[in-house]
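Notes follow the structure.
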Amino acid sequence: MEPLISSTPPAEDRLTKSSDRPAVLVTGASGGIGRAISQAFGKIGWYVGVHYYQNKSAAETTLDQVLKVGGTGDTYAADIRESESVRRMVDSFSSCASGPLVLVCNAGIGQSELLVRHADEIWDNVIATNLTGTFHCLRAMAPSLLARGEGSIIVIGSHTGFHGATGQSAYATSKAGLIGLVRTAALEWGPHNIRVNLLLPGWQKTDMTEGIFPSDKGWLDHALRRPPVIEEVVSTIVHVAQLKDVSGQVWNCDSRHL
């Protein structure tokens, strides 16, 4: 498929916006958890790269919210399934951000089909987006982080990746693969002061969970009998992104056991 190219202004036109302030690239930032993450970084004055795949108007809505709360930023289009598309996005983002860099790998898709009925194309697309797409983002961002001698990467995982779930074979497999990817990257890049952590946001009401979000009585596996609020999840992401001495860890934001 044809990779998408960012339609944002040239890097030289955006450089003054980012200055020396920290910058974060949030994949899958056109809605849901990604939008909340972007806004949280905007509130503390960061430059936010708002990634999207096809829904430019939704990404621009996210960017407007970032700007309203005091941040700066731009939108960046890329198909994370395509390595060259990701490379162009990351190069464009890195060139307009002269301060410390953070990458939040949030982009992902779900599926709901029993394993024996699973179509090959659905399996391939989920794995390509959630697992291979995250690999593309980490690999593309590494040179910029290594050149700066520091950086932080947070990958958004799932409780399902540890325990599985009925009808979620591709999704669970993709999220389980992120555990090994994060811990390997943490070991390889730790000597260069690059921190890589996995964060589990718990159940959140998004387009992905529409139709499967548990009812009010569906929280018996949660010690607190409730899901985490999005504000607490994104504040944790912002906090972990700035920790200097923690890497290769799994941060679980709800009250279930891993």
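The values are calculated or read from the model by the stated rules, or taken from the named source; none is laboratory data. Being a predicted model, the structure only gives us computed values, none of them experimental. FYI the Cβ positions are ideal-geometry reconstructions off the backbone, even for glycines, and counts take in every protein chain you see. Areas reflect the complete protein model, heavy atoms only, side chains present, ligands, DNA and RNA absent. Shrake-Rupley method; radii C 1.70, N 1.55, O 1.52, S 1.80 Å.
Miscellaneous remarks
- Output for the range 222-247, where each listed residue is in contact with a Gly (Cβ under 8 Å, 6 or more places away or on another chain) and of a type in the set (Val, Ile, Thr): Val233
- The range 71-124: number of residues that are in contact with a Pro (Cβ under 8 Å, 6 or more places away or on another chain), open to solvent by less than 30 Å² (accessible area, probe 1.4 Å) and not small (Gly, Ala, Ser): 4
- The listed residues are Leu63, Leu15, and the only one of them that is at pLDDT 95 or above, farther than 20 Å from Val233 by Cβ and assigned to a helix (DSSP H, G or I) turns out to be Leu63.
- Criterion violated by Phe93 - all others in (1) closer than 22 Å to Val238 by Cα; (2) of a type outside the set (Ser, Thr, Tyr); (3) free of Cβ contacts under 8 Å to residues at least 24 places away in the same chain satisfied: (3)
- Looking only at the range 43-70, and only at residues there that are open to solvent by less than 10 Å² (accessible area, probe 1.4 Å) and of a type in the set (Gly, Ala, Ser), the one that is nearest to Leu138 (Cα to Cα): Gly49
- Answer residue from the range 128-161, given it is open to solvent by 30 Å² or more (accessible area, probe 1.4 Å), hydrophobic (A, V, I, L, M, F, W, C) and in contact with a helix residue (DSSP H, G or I) (Cβ under 7 Å, 6 or more places away or on another chain) and is farthest from Cys253 (Cα to Cα) among those: Leu146
- Matching residues in the range 170-201 - criterion: being over 18 Å from Phe135 (Cβ atoms) and crowded, with 19+ Cβ neighbours inside 10 Å: Leu200, Pro201
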